[in-house]
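Trainee: The structure follows.
The values are calculated or read from the model by the stated rules, or taken from the named source; none is laboratory data. Treat the numbers as computed from the prediction; the structure is a model and nothing was measured. Every residue, glycine among them, receives a Cβ derived from its backbone with ideal geometry; neighbour counts consider all protein chains shown. When the accessible area is computed, the model is the full protein with side chains, heavy atoms only, and any ligands, DNA or RNA have been set aside. Shrake-Rupley method; radii C 1.70, N 1.55, O 1.52, S 1.80 Å.
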Amino acid sequence: NGEIQRDESSLVSIEATVAPARVQPGRRVRVRTTFWLNEKTRPLWNNEVDGLQVSIDVPDGVTLHEGRLRYPDPPQPETRETRVLEFEIALGRDHPPGKLELSAYALYYVCEEEGGVCLFLRQDFKIELIVDPNAPRIQ
């Protein structure tokens, strides 16, 4: 509903990588989402509240499997590590061919600098793959 402030300052960068990027209906893909802190502005993860979490709008014929959508906070109050969440997406056997784009968003707490203002932010991103009945079958 637009109630959570967006990360308009790009404090965090997000990359979603899908393997394989081309998949047959009825098969699974692995998604790796990587979260980097901005190297110029040097924000920090705020680990004293809820951890980084991802939410995905999953359409009919698609299910989430095996993996994490929440990053466990380290014990230190503030850190600067790259964070990674991995999970699998399974397609239904009757899923139509073509480009599949899933809308997702991340929620996270970051501090603008050490001892600085801490913010609860949202950032939208996409997970994209191609559904192709002729895609190579990966075991």
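Trainee: Return the only residue of Gly2, Gly61 being more than 16 Å from Gln123 (Cβ to Cβ) and not aromatic (Phe, Trp, Tyr).
Mentor: Gly61
Trainee: Could I ask something else about it? Please specify each residue of the stretch 97-120 satisfying the condition of being open to solvent by less than 30 Å² (accessible area, probe 1.4 Å) and at pLDDT below 95.
Mentor: Gly116
Trainee: Among the candidates Thr82, Thr33, which residue alone is out of contact with any Ser or Thr (no Cβ under 7 Å at 6 or more places or on another chain) and hydroxyl-bearing (Ser, Thr, Tyr)?
Mentor: Thr33
Trainee: Determine, yes or no, whether Glu88 is touching a Gly at 6+ places or on another chain (Cβ under 7 Å) and in a strand (DSSP E or B).
Mentor: yes
Trainee: So which of Glu48, Glu81, Glu8 ends up being within 19 Å of Arg122 (Cα to Cα), modelled with pLDDT of 95 or more and not in a strand (DSSP E or B)?
Mentor: That would be Glu81, the only listed residue that is within 19 Å of Arg122 (Cα to Cα), modelled with pLDDT of 95 or more and not in a strand (DSSP E or B).
Trainee: For the structure I just gave you, tell me whether Glu66 is acidic (Asp, Glu), touching an Asp or Glu at 6+ places or on another chain (Cβ under 9 Å) and closer than 30 Å to Gly98 by Cα.
Mentor: yes
Trainee: Then there is this: Restricting to the stretch 70-83, name every residue that is surrounded by 14 or more Cβ atoms within 10 Å (Cβ to Cβ) and in contact (Cβ under 8 Å) with a residue 40 or more places away in the chain.
Mentor: Arg83
Trainee: Answer yes if at least one residue in the stretch 121-139 is crowded, with 16+ Cβ neighbours inside 10 Å, of a type in the set (Gly, Ala, Ser) and part of a strand (DSSP E or B), and no otherwise.
Mentor: There is no residue in the stretch 121-139 that is crowded, with 16+ Cβ neighbours inside 10 Å, of a type in the set (Gly, Ala, Ser) and part of a strand (DSSP E or B).
Trainee: Does Trp36 fit the bill of being more than 14 Å from Leu129 (Cα to Cα) and either at pLDDT below 95 or open to solvent by less than 60 Å² (accessible area, probe 1.4 Å) (or both)?
Mentor: no
Trainee: Now for a separate question. Quickly run through the stretch 91-118 and pick out the residues that are in a loop (DSSP other than H, G, I, E, B) and among the β-branched types (Val, Ile, Thr).
Mentor: Across the stretch 91-118, the qualifying residue is only Val117.
Trainee: Please pick out the residue among Glu48, Glu66, Glu86 that is open to solvent by 50 Å² or more (accessible area, probe 1.4 Å), closer than 17 Å to Tyr109 by Cβ and touching a residue at least 12 places away in the same chain (Cβ under 8 Å).
Mentor: Among Glu48, Glu66, Glu86, only Glu48 is open to solvent by 50 Å² or more (accessible area, probe 1.4 Å), closer than 17 Å to Tyr109 by Cβ and touching a residue at least 12 places away in the same chain (Cβ under 8 Å).
Conditions tested, residue by residue: (1) aliphatic (A, V, I, L, M); (2) at negative phi; (3) touching a Leu at 6+ places or on another chain (Cβ under 8 Å).
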{"site": "Ser9", "(1), (2), (3)": "no, yes, no"}
{"site": "Val23", "(1), (2), (3)": "yes, yes, yes"}
{"site": "Asn38", "(1), (2), (3)": "no, yes, yes"}
{"site": "Thr63", "(1), (2), (3)": "no, yes, no"}
